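Below is one structure, written out as structure tokens; the observations come after it.
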Amino acid sequence: MYAALFIFILGRADAWWERGHRIATEAVMRMLPSDMPRFLRASGDVLVPLSAAPDRWKKYGDLVHLGWRWDHFMDLELLDLPLGKFLEKFPDRFSAMEHWCGGNGRIPGFLPYHILELYEALKGVFGELKEKPSDPSLQVQALFFAGSLAHFAEDLSQPLHLTVHYDGRVDERGVVISNKGIHERFEGQLVEHIDVKDVLPYVHPPEELGNVKEALVRAMERSHGFVKEVYALDNRGELERTTPEAVRFAARRLAEGAQLVADLWYTAWARGGR
Ligand SMILES: [Zn+2]
């Protein structure tokens, strides 16, 4: 089983390729209102590349790769409860892990946990920054948490990050039966044809979220609902031919990722120190 698990981990495809993350975070930078901290608004040259970086961390060695790999996805089909109920019952990654250890050995992934962890960390450091606005250490921490949060919240908007069918339709044993390579066709090759200007029409200034966890559940369930559309586009050859419909679809997914990031940053700033 361990050998199979190892292959499964290593074979797992990445998030939006570097370009997708850069486009989404570039859109976020253009959405930030003037009541957010100036140093943050002026740090696009740090935040944009940082939002693409977590996919490269795996190159820093197996320890890093195997330890953090699970934070980039969650296969919703493997949960034994609807996502909202699951997160209510298992509110942190360790309670979820304990639960999964008693199961069949398949780990759905920690994506929503990691997003919530980073959101809480960003809110915490924003709270400290309100006391000491020019503290350089706090500013660096805020940039690190914000850029990392952007990466993982953007991963969420890639429907194939929320499904066992992440790189081809699989049967109940997890063996690919069709559409092999869809992951790369969607988030790699297709996104080469997208620019930040394609994303901007679909975003608006950030808003303070009500319940952050509930907003995350809604966003994940909505994104998961698009899995079938990614497959339909692939079946019609539209991903490969990069048709206008496929480009528009991917731009909208990137826009929803960008909107979530902006709303999370904005909410963290509004509530930090409260
Ligand atoms: Zn990722």
Within region 226-248, does at least one residue satisfy the condition of being hydroxyl-bearing (Ser, Thr, Tyr) and more than 20 Å from residue 156 (Cβ to Cβ)? yes
Across region 46-82, which residue is farthest from the ligand (Cβ to nearest atom) among those that are assigned to a loop (DSSP other than H, G, I, E, B) and over 21 Å from residue 102 (Cα atoms)? 61
Provide a single number: the residues in region 234-258 that are of a type outside the set (D, E, K, R) and without any contact (Cβ under 8 Å) to a residue 60 or more places away in the chain. 10
Under 6 Å between Cβ atoms, which residue pairs at least 6 apart in sequence (or on different chains) link something in region 38-58 that is of a type in the set (Ser, Thr, Tyr) with a partner that is within 10 Å of the ligand (Cβ to nearest atom)? 51/21; 51/151
So which residues in region 103-150 are within 19 Å of residue 214 (Cβ to Cβ) and not hydrophobic (A, V, I, L, M, F, W, C), if there are any at all? 112, 113, 114, 117, 119, 120, 123
Mind listing whichever residues of region 24-47 are touching a Pro at 6+ places or on another chain (Cβ under 8 Å) and either modelled with pLDDT under 95 or within 16 Å of residue 263 (Cβ to Cβ) (or both)? 31, 32, 33
Out of 221, 192, 207, 229, I need the residue that is outside any helix (DSSP H, G or I) and loosely packed, with under 15 Cβ neighbours inside 10 Å. Which one? 207
Looking at 258, 246, which one is within 16 Å of the chain's Cα centre (by Cα) and not charged (D, E, K, R)? 258
Residue by residue through region 104-156, note down the ones that are in a loop (DSSP other than H, G, I, E, B), among the hydrophobic types (A, V, I, L, M, F, W, C) and either in contact with a strand residue (DSSP E or B) (Cβ under 6 Å, 6 or more places away or on another chain) or within 15 Å of the ligand (Cβ to nearest atom) (or both). 110
If you check residue 90 against the conditions, is it without any contact (Cβ under 8 Å) to a residue 24 or more places away in the chain, more than 13 Å from the ligand (Cβ to nearest atom), within 28 Å of residue 208 (Cβ to Cβ) and touching a His at 6+ places or on another chain (Cβ under 7 Å)? yes
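The values are calculated or read from the model by the stated rules, or taken from the named source; none is laboratory data. Please read these numbers as outputs of a predicted model, since none were measured by experiment. Cβ coordinates were reconstructed from backbone atoms using ideal geometry, including for glycine residues, and neighbour counts include every protein chain displayed.
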